[in-house]
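Asks: Here's a structure for you.
The values are calculated or read from the model by the stated rules, or taken from the named source; none is laboratory data. What you see is a predicted model; the values in this text were computed from it and never measured. Methodologically, a virtual Cβ is constructed for each residue, glycine included, from the backbone with ideal geometry; neighbour enumeration extends over all protein chains shown. Note: areas computed on protein heavy atoms with side chains; ligands, DNA, RNA excluded. Shrake-Rupley method; radii C 1.70, N 1.55, O 1.52, S 1.80 Å.
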Amino acid sequence: MDVQLFDFDLPEELIAQTPLLDREASRLMVLNKETGNVEHKQFPDVLEYLQEGDCLVLNETKVMPARLFGEKEDTGAQIEVLLLQQEEKDVWETLVKPAKRVKEGTIIQFGDGRLKAECVGTSEQGGRKLQFHYDGIFYEILDQLGEMPLPPYIKEKLDDKDRYQTVFAKEIGSAAAPTAGLHFTKELLNKVQEKGVKLAFITLHVGLGTFRPVSVDSIEEHDMHAEYYFMSDETANLLNETKANGGRIITVGTTSTRTVETIATANDGKFVGCSGWTSIFIYPGYQFMGINGMITNFHLPKSTLIMLISALAGREAVLSAYKQAVEQRYRFFSFGDAMLIL
């Protein structure tokens, strides 16, 4: 299948650079996946479409302030480090700029030496394995010295770190936020529960591969990045119960979708408590075994994410809806507006 089939024209000014002051103030496009019909709403109107007995699946991963700015201990040269994945206690897979200045044995210091890192290995695409040295608790130091690793299409600086976290973020480990969840406030989640809708929590630590463009011509040739996921026995039981009782499973975001589908496809449509790494790639032709609908943001042209929602609602219906989104001046990407597909 040709990647160009998922291209569309997106004016750059529609890429949201900053979050709205009020999380609930986003607009909501509702797409009927059976008919292709589109409605234009505000995000709190999502309550109208949720029914008693449904289950909303939320990704409770927490974004690390994973971007660090330091200098080489010997020369003072400026170095930028982006934490990607913890390999063992204090050894991290990272991206370093400029990578050519960081060879094995190089020491980088951050925050007047409160945190130091030694390069102990290299990997592909400018990757470096760094071993960190510090006194105290690593994540507390990271919180003080690090910045949020915003997507490359966001040029503005983020004033409030919490606006790139969901209100239910709990398990630290992501290099990017599960942005569909950013629209929810605690008050709105309470209203969801008051309506008789259950909340189920999973974890998928979002990697920077989320933003990696598809660089091949044919979708089938794309190599999907792997991300760590976890589903508790409690969540698995809740999802099995929802399904058995005829309720709908509605995921919040593509990360929740990929987790739910990874587990459902491995277990004949059932759910089990488990953890692991998923590189599931969902595109048209995929048969969903876990979810009935999803809430998501508006995605990049030719991205794996627009391919995923096209698998759920149909490519033509999705591209038609996106055309309306552009015409109606919806805000796109991480800090943008939302779409409900049911």
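Asks: Residue by residue through region 125-157, note down the ones that are closer than 19 Å to VAL206 by Cα and either open to solvent by 60 Å² or more (accessible area, probe 1.4 Å) or among the aliphatic types (A, V, I, L, M) (or both).
Replies: Selection gives GLN125, TYR139, LEU142, ASP143, GLU147, MET148, LEU150, PRO152, ILE154.
Asks: I've got another one for you. Out of region 277-297, which residues are on the phi < 0 side of the Ramachandran plot, out of contact with any Gly (no Cβ under 7 Å at 6 or more places or on another chain) and open to solvent by 10 Å² or more (accessible area, probe 1.4 Å)?
Replies: Of everything in region 277-297, those that are on the phi < 0 side of the Ramachandran plot, out of contact with any Gly (no Cβ under 7 Å at 6 or more places or on another chain) and open to solvent by 10 Å² or more (accessible area, probe 1.4 Å) turn out to be TRP277, SER279, ILE280, PHE281, TYR283, PRO284, TYR286, GLN287, PHE288, ILE291, ASN292.
Asks: Name the residue, out of ALA236, ALA180, ALA200, ALA176, that is open to solvent by less than 30 Å² (accessible area, probe 1.4 Å), assigned to a loop (DSSP other than H, G, I, E, B) and either without any contact (Cβ under 8 Å) to a residue 12 or more places away in the chain or not acidic (Asp, Glu) (or both).
Replies: ALA176
Here is a yes/no grid of residues against (1) in contact (Cβ under 8 Å) with a residue 60 or more places away in the chain; (2) of a type in the set (A, V, I, L, M, F, W, C); (3) buried (at least 23 other Cβ atoms within 10 Å of the Cβ):
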{"residue": "LYS270", "(1), (2), (3)": "no, no, no"}
{"residue": "SER320", "(1), (2), (3)": "yes, no, no"}
{"residue": "PHE333", "(1), (2), (3)": "yes, yes, no"}
{"residue": "MET339", "(1), (2), (3)": "yes, yes, yes"}
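Asks: While we're here: Examine region 55-68 for a residue that is free of Cβ contacts under 8 Å to residues at least 24 places away in the same chain, within 23 Å of the chain's Cα centre (by Cα) and in a strand (DSSP E or B), and state whether such a residue exists.
Replies: Taking every residue of region 55-68 in turn, none turns out to be free of Cβ contacts under 8 Å to residues at least 24 places away in the same chain, within 23 Å of the chain's Cα centre (by Cα) and in a strand (DSSP E or B).
Asks: Across region 318-329, what is the total count of residues that are out of contact with any helix residue (DSSP H, G or I) (no Cβ under 6 Å at 6 or more places or on another chain) and under 22 Å from THR255 (Cα atoms)?
Replies: Within region 318-329, residues that are out of contact with any helix residue (DSSP H, G or I) (no Cβ under 6 Å at 6 or more places or on another chain) and under 22 Å from THR255 (Cα atoms) number 3.
Asks: A further question on this structure: Being surrounded by 15 or more Cβ atoms within 10 Å (Cβ to Cβ), touching a Pro at 6+ places or on another chain (Cβ under 8 Å) and more than 24 Å from LEU204 (Cα to Cα) narrows it down to one of ILE79, ILE108, so name that one.
Replies: The unique qualifying residue is ILE79.
Asks: State whether one or more residues within region 298-314 are open to solvent by 50 Å² or more (accessible area, probe 1.4 Å), more than 25 Å from LEU238 (Cβ to Cβ) and of a type in the set (Gly, Ala, Ser).
Replies: Taking every residue of region 298-314 in turn, none turns out to be open to solvent by 50 Å² or more (accessible area, probe 1.4 Å), more than 25 Å from LEU238 (Cβ to Cβ) and of a type in the set (Gly, Ala, Ser).
Asks: Could you check region 5-48 and list, in sequence order, the residues that are of a type in the set (Phe, Trp, Tyr) and either part of a loop (DSSP other than H, G, I, E, B) or touching a Gly at 6+ places or on another chain (Cβ under 6 Å) (or both)?
Replies: Correct list: PHE8 only.
Asks: Could you list, in sequence order, the residues of region 94-105 that are outside any loop (DSSP other than H, G, I, E, B) and open to solvent by 30 Å² or more (accessible area, probe 1.4 Å)?
Replies: LEU95, LYS97, LYS100, ARG101
Asks: For region 103-113, what are the residues that are under 17 Å from ALA66 (Cβ atoms) and modelled with pLDDT under 95?
Replies: Listed by number, the list holds a single entry, GLY111.
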